[in-house]
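Data first, discussion second: the structure below is written as structure tokens.
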């Protein structure tokens, strides 16, 4: 299709080299062998109750903190974002991606459209996907005039939800409320990412998105029902069973470092589908580059570092090794 990125043409050398590697690299994504599991499901409705329901509110907060500790991933329902907004957001997202390939570069601000993996040196490192990265500062400015009202509503609401969940996670460790995220995670530093994973004829050999952890505090994901998200639980890869009513929340590296390893930033990936395309929209709660991340308890597992330093280290490792090393670089 004219809307699909030219994966085969651009990465033809990687595909040719893969034929020469032992047993076609023996890539085993094993979609049929990975167990499908449901993430912890948390009803957020108690958070919106009157002050007289403190017991139920605290129970909900406990569930959130427990899931962030035990899984690093969980899903939420009754999250305050209507089905109408979610459905319209997906409709608009599909329209954007169905444009001719060369038109996508001018859809949003310069540099927002990305696809494939420019740094890939083998087929193992290639992500079969395309995405728009939209800074939250652009959502409410004239630079984002091409954004639909549905996408703007989604971005605004999901940003508010992310901040609320992050403050709950901080409160459950410190024992009191904090303004940390209001002060450090600003529209200029957080962003929305719209993803599309085209069908892939050799789906058993190529990731839609390579195994990785997120380099942020917290991510909120709205995915379709095609499936493909996998994560590591108890040392094994498991497939996440889609839930049409739920948003998926996962902990990022910065929260693991801040919580001194209590909240878990878990490795995850997206596998490709041979016949079906997959869509998702993710919000990333990120601080300014100058923000210093320091463990909230002693003795610290990690040395303190700025977000700028962390991002630079990740970029250097990806360029050098083809993959992200992440938090192990910052262990004391």
Checklist entry - Among (1) closer than 25 Å to residue 309 by Cβ; (2) surrounded by 20 or more Cβ atoms within 10 Å (Cβ to Cβ); (3) in contact with a helix residue (DSSP H, G or I) (Cβ under 6 Å, 6 or more places away or on another chain), where does residue 163 come up short? => result (2)
Checklist entry - Is it fair to say residue 205 is more than 26 Å from residue 70 (Cα to Cα) and surrounded by fewer than 23 Cβ atoms within 10 Å (Cβ to Cβ)? => result yes
Checklist entry - Restricting to the range 159-188, what's the tally of residues that are touching a strand residue (DSSP E or B) at 6+ places or on another chain (Cβ under 8 Å) and over 19 Å from residue 79 (Cβ atoms)? => result 2
Checklist entry - Which is outside any strand (DSSP E or B) and either within 22 Å of residue 39 (Cβ to Cβ) or in contact with a helix residue (DSSP H, G or I) (Cβ under 7 Å, 6 or more places away or on another chain) (or both), of 281, 257? => result 257
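Each value in this text was obtained by applying a stated rule to the coordinates, not by laboratory testing. No experiment lies behind these values; they were computed from the predicted model shown. All Cβ positions, glycine included, derive from the backbone under ideal geometry; neighbour counts span all protein chains shown.
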